[in-house]
Amino acid sequence: MELREVASTPALGPLFARAALTQRGRGGALPAHGLLLAAVQVDRAHLLDYQHLCRFAGGDVLPHTYPHVLGFPLQVALMAGRDFPLPLPGLVHLENRITVHRRLTADDRLDVTVHAADLRPHAKGQLVDLVTEVDVDGERVWEGRSTYLRRGRGDANAVAPQSSPPMPQGPPAGVLRLPEGLGRAYAAVSGDVNPIHLHALSAKAMGFPRAIAHGMWTAARTLATLGPEASEPSTSEVWFRKPVLLPSTVELVVDDSGSRTVVGLRSGREGVREHLVLTLDVEAGA
Amino acid sequence: MAASAKPRRAAVIGGNRIPFARANSTYAKASNQDMLTASLEGLVARFGLAGEPVGEVTAGAVLKHSRDFNLTRESVLGSSLAPTTPAYDVQQACGTGLEATVLVANKIALGQVESGIAGGTDTASDAPIAVNEGLRETLLALNRAKTPGQRLKAVARLRPGQVVPEIPRNVEPRTGLSMGEHMAQTAAHWGVTREAQDELAVQSHRNLAAAYDRGFFDDLLTPYLGLTRDQNLRADSSVDKLAKLKPVFGRGDGATMTAANSTPLTDGASVVLLGSDEWAAERGLPVLAHLVDAQTAAVDYVTGHEGLLMAPAYALPHLLERQGMKLQDFDLVEIHEAFAATVLCTLAAWESESFCRDRLGLDAPIGALDRTRLNVNGSSLAAGHPFAATGGRIVASLAKSLEERGSGARGLISICAAGGQGVMAILEAA
């Protein structure tokens, strides 16, 4: 695949604006090229801000989800491009899968590439994957696959995506309190300034009753509860269900009885509102 | 071990710390918990303790946020140690790290635990800032109020001046004097010269730089946030350069203490791995040294009877008597350089016939120390001094130095602390 190198991390505000203004008349196949951000040097101050906001221990080890934040601006740049078949506004982050091949630190120089793959029908519209791959000295060290849903005319015969394991049951292992300003705080760290996350008013304009938490913050915060093991070679999968409205209090439920740990976030009376299910598989011997 | 058996000696197996950073610099946004966790993770990796429990982890911080009430346990939970590892916090000002080591060692000696980790962390950058005392009282009154009238009365006590926060200050609560001002008085009493202090400071930098150059810290340190060496270290420090600095403590022409011969405010953390010989052998871990004995002391500095940082001078005779040793018997001596003057005043006191007779009740002076045995790998003037982290730094470094000198080599550690206290310990190479 042709890789187009970008000189520096793109600013996301203008990209979101451009994507919103050019959303009509899109279609066709996925772009044949990917984007490359070469030899990324981690900004330790940024890393520490991310670690504190998601409650990872502050230090040199890159959290499981951190490279996603480095790749996300490339995802947006690719999706904002005129040759991307789906309009960016309204895309729903449905699932995310990450594999950490080796522990990464702030000393690693990361080559980050992003490409789109697997445009496919879904019962409620269309799905597309944005694949982020991170290499150090030519060795694949991290990969992520973000699955987005474009709601629209669905295909009832579409192959259903792999479903999540059941939400763990029982009393909560913990409670997370998400403040009203969380979306703005994570936007400042991740660059994801999508208005649905920033303020109740901007979220209302987009059809949400209040601002909603960034899905990848909830995934990162959930992984942080599982300790430093997740920064070692491991694979996580997360299925996003109902968005978490801000502010709110959500319950964390954990099932570690199987070979992989299953964690859920839920809220409401009897925990009826399910926000996400996440699994973590730590490589044997890691 | 049967309760009646003679206590065994706890083994010092190794240590780990992060490089120390000058305050408000590289670690400005790192919390105590971040730094203690990073030090623990480095130790866990070095000694293969991931997923393993240890008997207990004991550490502390001097400048501590109220949210960090369980700092050490929280750091353990954020580390790769098994979550079944118990932990507790201690605080004895600058003696914290060494006192924590003694506490863990004593439990090992008594057979109450087989292994443990002792340490400390401090940040002068990410310091706790509390609400103004007046505002705190008003808010508490508001919290207690049950009726609208009571609430109104409480709110009426709010004053504009109450927005000014309480910032921790490096002063003794009972004297209002900073530690440096206290030290300046003691330095003047003992007639410690500016030149002697500057020479000690330069030696500290040279010794630390040489230790780094020969790779001494390679298995004692984990790089952190881009630092691989202590940030305060000036390998090219010289007496001529230091002579140019203006005094910062003391008054008038007699002032001798400068920013270079006093330790700077620093951020950092350190931990030490201790265990029984059996535990170490089971895990195939070599033992560097054993903790032989320890002694704390305190002085009456409030009335000016004794200098604030002179307590270690009083602890030593107890140790020497118990161990049947002389100061000159120690192969290595580590005296924490809170200030160059602290070290020099302590040494002067031990050489003084009248001090040893009148204050320590000894027949003869303790005598002079061969300075080539003092702080051979540098100390706090060069490395910096994140208060609670200094003890762990010294214990691990001394244990390794003693091991290099050969079995039976003995070392003495002396650390002064706020509140007129001092902690001492003796290590012996395994």
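What follows draws every value from the coordinates through simple rules; no lab data is involved. Everything numeric here is computed off the predicted structure, so don't read it as measured data. Reconstructed Cβ throughout: ideal geometry from the backbone, glycine too, with neighbour counts over all protein chains shown.
Shown here: the stretch B:55-126, whose C-alpha atoms stretch 38, 26, 16 Å along the first, second and third principal axes, sorted largest to smallest. Based on C-alpha pairs under 8 angstrom that are at least 6 apart in sequence, chain B has a relative contact order of 27 percent.
Mean per-residue shielding of peptide A:44-53 is 3, counting Cβ atoms of other chains within 10 Å of each Cβ.
For the stretch B:55-200, the square roots a ≥ b ≥ c of the C-alpha gyration tensor eigenvalues yield an a/c of 1.5 or more together with a/b not exceeding b/c, which makes the shape oblate. Going by the alpha-carbon gyration tensor, a ≥ b ≥ c the square roots of its eigenvalues, is the stretch A:108-171 rounded (a/c under 1.5) or, if a/c is not under 1.5, prolate (a/b greater than b/c) versus oblate? Here the stretch A:108-171 falls in the oblate category. A straight Cα-to-Cα reach below 20 Å connects residue A:124 with the aspartates and glutamates A:95, A:155, A:274, residues fewer than 8 places away in its own chain not being considered. Amide H contacts of residue B:366 (H built 1.01 Å from N, in plane; Pro and chain starts excluded): no residue 5 or more places away or on another chain comes under 5 Å. Taking the charge dipole of the stretch A:94-228 about its Cα centre, with +1 at Lys and Arg Cβ atoms and -1 at Asp and Glu Cβ atoms, the residue from A:182, A:163, A:207 reaching farthest to the positive side is A:207. The spacing between the stretch A:48-65 and the stretch A:182-221, judged by their C-alpha centroids, is 19 Å. Counting only residues at least eight positions apart within a chain, or on another chain, the aspartates and glutamates with an alpha carbon under 16 Å from that of residue A:204 are A:180. Centroid-to-centroid, using Cα positions, the stretch B:172-247 and the stretch B:332-355 are 15 Å apart.
Computed across the stretch B:224-324, the Kirkwood hydrodynamic radius from all distinct Cα-Cα pairs reaches 18.9 Å. Given a 10 angstrom Cα cut-off, can you work out which residue in A:223, A:37, A:91 is the most mobile in a GNM of chain A? It is A:91.
Give me the Kirkwood hydrodynamic radius of chain A in Å, from all C-alpha pairs, to one decimal place? 19.4 Å is the Kirkwood radius here.
Within chain B, antiparallel bridges make up roughly 75 percent of the DSSP beta bridges whose residues both belong there. Note on the protein assembly as shown: antiparallel DSSP beta bridges, both residues inside, total approximately 85 percent of the bridges counted. Kirkwood radius, the stretch B:1-61, all distinct C-alpha pairs, inverse of mean reciprocal distance: 14.4 Å. In this structure, the residue pairs whose Cα-Cα separation is over 32 Å, taken from B:6/B:400; A:242/B:29; B:326/B:400, are A:242/B:29.
Overall shape: oblate for the stretch B:300-430, with the ratio a/c of the largest to smallest alpha carbon gyration tensor axis at 1.5 or above and b/c at least equal to a/b.
Scalar couplings 3J(HN,Hα) for the stretch A:80-90, obtained by applying the Karplus form with A = 6.51, B = -1.76, C = 1.60 to θ = phi - 60°, are 7, x, 5, 8, 7, x, 10, x, 5, x, x Hz; x denotes Gly and Pro. In straight-distance terms, cross-link reach from residue B:64 covers every one of the aspartates and glutamates whose alpha-carbon lies under 20 Å from its own, apart from those fewer than eight places away in the same chain; here that gives B:34, B:74, B:89, B:99, B:122, B:126, B:133, B:166, B:172, B:267.
The calculated pair-distance distribution of the stretch A:245-286 uses every alpha carbon pair, bins of 5 angstrom beginning at 0, and gives 6, 20, 25, 18, 13, 8, 6, 3, 0 percent. Of the two radii for the protein assembly as shown, the radius of gyration is 1.04 times the Kirkwood radius, both from the alpha carbons; that is the Rg over Rh value. Ranking A:80, A:144, A:92 by Cα position along the charge dipole of the stretch A:60-178, where only Lys, Arg, Asp and Glu carry charges on their C-beta atoms, puts A:92 farthest toward the positive end. Here the Karplus relation 6.51 cos²θ - 1.76 cosθ + 1.60, evaluated at θ = phi - 60°, turns the backbone of the stretch B:123-129 into coupling constants of 10, 8, 8, 8, 6, x, 10 Hz, with x for every Gly and Pro.
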